[in-house]
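A.B. asks: My questions all concern the structure below.
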Amino acid sequence: MTNEKNSLRRPKFGALLKSDPCIPTINTHDETDAFLHRKSDAFSSTPPASPWTFVASPSAGDASPSPYSMSPWSQSSPYYSKSPWIRSSPLVPLDSSPDGLMGSLVREQGHVYSLAAAGRLLYTGSDSKNIWVWKDLKEYSGFKSNSGFVKAIVIAGDKIFTGHQDGKIRIWKFSPKNYRKPYRRVGSLPRTRDFIKSSLNPKNYVEVRRRRNVPWIKHFDAVSSMSLDEDQRLLYTGSWDKTVKVWRISDSKCLESIDAHDDAVNSVAAGFDGLLFTGSADGTVKVWRRELLGRTPTHVLVQILLKQEHAVTALAVNAGAGAVYCGSSDGLLNFWEREKRWLRHRGVLRGHKMAVLCVAAAGNLVFSGSADRSICVWRREAGGDHACLSVLAGHSGPIKCLAVEEDDNDDDDDDSWMVYSGSLDKSVKVWRVSEHARRD
């Protein structure tokens, strides 16, 4: 191994603390691609024109085995030699499905790492570098980046931001009038001219590893998480390079780079009261507030919510309740609630046997996806207590990402939600969950 590759080694145990505990962490991007070539059939043949299909959930009395009952990494699986289309019975109409699993978006091209839902559109990102777009659970469009597999997606109006394994952030624009190619790439973060300008000034360089300096304006490792502050029109990006960068949406300018943690930043979440929450592989959750110092707004550390040995892997915010939820590699879900100027720890939710990899909050519900292949649905009761409504099971691989949106087909006004879960079993499952569902 060359000296350059040796210089990219992470601290001891660092690989185990990243937000991808189920996939071996490899020190160089070239080696990561090599791993994907060995373990994913995405590169075994030319992909078909339409690699996805929606598979309706079978009825409760259907005892036929799930096509996901085999390990997604088992090369002996017959699904590696068959067409990626998996056909089933006619689709169940959305407005007639009960709460629970409605169906799956299936493909055999890569593990699903990121999801984003807006209106009737669902965006899915994977290690195939493709971003597929779904409209009413039917394939609508897609676009491809050459920037490594897609670890995060954020939607801001007609713009879509994608964060990638190689540290790049791409900007795409949606133009519905162009029905043949509604998505086109319009830029990247940072802008090329800003990066060149920053590179010319030696004062803009920061040391990231021994004998390696880079401009502060750009992430030099994987972009693990992104979050949008709609009120201030700011985009926050967290990276394995231990920093959080702040971008202005209007002109794509990098306003600030926060040296946030001592290890990889696994999650960022814009919160209530102008607060920013960050979680890291160093086991901490930190709270930041944007304050005016001199003439320049700067993020200042105001509170450390958690400090533990286990890696923090996911964060979610319930702005209405003033609550923040933190998932970690020990399988626990800690949560805090606003109390005057501070946040107070309110408890721990125990429902998983393995690491929590993703968390989402909507209404009075909290969803936690885990490496144990299940999704726990928690409901916040009056007074701040939480009850486990149900456990959603159906994936055959670790659940890596979640997206939630209101159920437009809800005629009963019972606060139902559409939940999308992406997994390393190469599928996205679609669920309907009501806040008023009875506990089992």
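Here, each number is a calculation from the coordinates, and none is a lab measurement. Everything numeric in this text was worked out from a predicted model, so none of it was measured. Cβ placement follows ideal geometry from the backbone for every residue including glycine, while neighbour counts extend to all protein chains displayed.
A.B. asks: Take each of the peptides 153-160, 421-428, average the number of other beta-carbon atoms within 10 Å over its residues, and list them starting from the highest.
C.D. replies: Ranked by mean Cβ neighbours within 10 Å, highest first: 421-428, 153-160.
A.B. asks: Sort the following peptides by mean Cβ neighbour count (other Cβ atoms within 10 Å, averaged over residues), highest first: 280-286, 234-240, 171-177.
C.D. replies: Highest mean packing first, the order is 234-240, 280-286, 171-177.
A.B. asks: Write down Rg/Rh for region 331-413, rounded to two decimals, with Rg from the C-alpha atoms and Rh from the Kirkwood relation over Cα pairs.
C.D. replies: 1.00
A.B. asks: Additional query: How would you classify region 232-372 from its alpha-carbon gyration tensor, with a ≥ b ≥ c the square roots of the eigenvalues: rounded for a/c under 1.5, else prolate if a/b is greater than b/c, otherwise oblate?
C.D. replies: The shape class here is prolate.
A.B. asks: Still on this model: Could you work out the pair-distance distribution P(r) of region 99-246 from its alpha-carbon pairs, with 10 angstrom bin width and percents rounded to whole numbers?
C.D. replies: It works out to 10, 38, 33, 14, 5, 1, in whole percents.
A.B. asks: Just to be sure I understand the model, the point goes 7 Å from the Cα along the line to the Cβ. What's the resulting Val302 to Arg209 distance in nm?
C.D. replies: 3.6
A.B. asks: How many nm separate the modelled label positions at Asp408 and Ala319, each set 7 Å beyond the Cα in the direction of the Cβ?
C.D. replies: 2.1
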